[in-house]
Amino acid sequence: MGDLLLVGGVAVLAFAAGAAVVLRRAGARVRALEAERRGWFEQILDRTKAAEEERRAMALVLSSMEEGVLLFGSDGRIRFANPAAERHLGSRPGSIDAILPLALREAVTTASERQGASLVEVETGAPTRWLRGTAAPAGDEGSVMLVVRDVTEARRTEAIRRDFVANASHELKTPAASIRAAAETIASAADDDPIAIRRFAGRLEREAIRLSRIVEDLLDLSRLESGSELSELVDLATIVREEVERFEAAAAEAGVELSARTSPVPPLRGSARDLALLVRNLADNAIQYTKPGGGVEVELSAAGPEVVLTVRDTGMGIPTRDLPRVFERFYRVDRARSRETGGTGLGLSIVKHVVENHGGRISVESELGRGSRFVVRLPIAPP
């Protein structure tokens, strides 16, 4: 009996030991599975976070773009539109479908059907704006991406360029034709009409001077549009006095009283050459458009962090409708008078570029028949 109990006890111990081993192995396996599960969970979490960060980055890029981006599903409806698309098309995503210009809709359809890019420009809105849309397949079958750009400014710039070329050609052609005609007249009258020769020689000289002024102004304007080197400390008061003296004889000949009032002002950081062009063109313009008996006053003073240059005249004035355009190249309020006085139509455009290059501002006030007032504000050089 005792032996049986001993054997039974040994068996129980052996079973317990085996069970303990099994349990230890099972526990280790459970712990391994738990660690593996945690690893998978962490991987999923990391991938989810990475996907969320990527989604946020993409949303930031799309929301920061100037171009409008729209994604169309295979059913032709908009699935996504970034803020720029809403601005360009003047609507919220849910209602863009209803107001999308037909030309853009057709570009999307063409890209979907032909599986190729489609480009179109469309006029829209009030005031008028021009949009350029590029549609192309976007991965999923039937999906199309439409990128919309506002090209209104580019179109305006191109129109200005075309006008400039046309105006420049016309302005150069007129004195060239006059020079040719005068030369032909001189050649035919060389033997028997010395008076005609002198008259047409004078005309040749005037037209040659005008042609030279146009070319010089075009070169100045081209240089200014490329930016100015503002490396000098400039005493604008000295420039004003010198330029007013330059025009005293011309003003007296035109019967215009020219005066200047300059106060000591701090120096400016800029280009003395360009600032002289600024004063010269403002004074010249004022004298040209002031009738005999009138007056032109040039005033310079300091006002806080700025130097203020004011040019007043008692001339013909500028119609209100023309005020927004007076700084355009070749724009003239009175073309006939400008040609009579040898004006090129580029002076005020040069003035505007000089002011902008120096970080300043220019404004104009005018009353028809009573005169004009141009005010230039330029920043004083920092200490």
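Here, each number is a calculation from the coordinates, and none is a lab measurement. None of the values given here were measured: they were computed from a predicted structure. Please note: Cβ atoms are built from the backbone with ideal geometry, for glycine as well, and neighbour counts cover all protein chains shown.
Structure summary
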item: Principal axis dimensions, segment 221-336 - Cα atoms, whole angstrom, descending; result: 40, 30, 26
item: Other-chain or far-sequence residues with amide H under 5 Å of Asn82's (modelled H); result: Val69
item: Residue order, fewest to most surrounding Cβ atoms within 10 angstrom, among Leu219, Leu275, Leu348; result: Leu219, Leu348, Leu275
item: Segment 177-303 - share of DSSP beta bridges that are antiparallel (%, nearest 5); result: 35 percent
item: Placed amide H near Ala381: partners under 5 Å, 5+ positions off or other chain; result: Leu268, Arg269
item: Long-range amide H partners of Ala302 with built H, under 5 Å; result: Val308
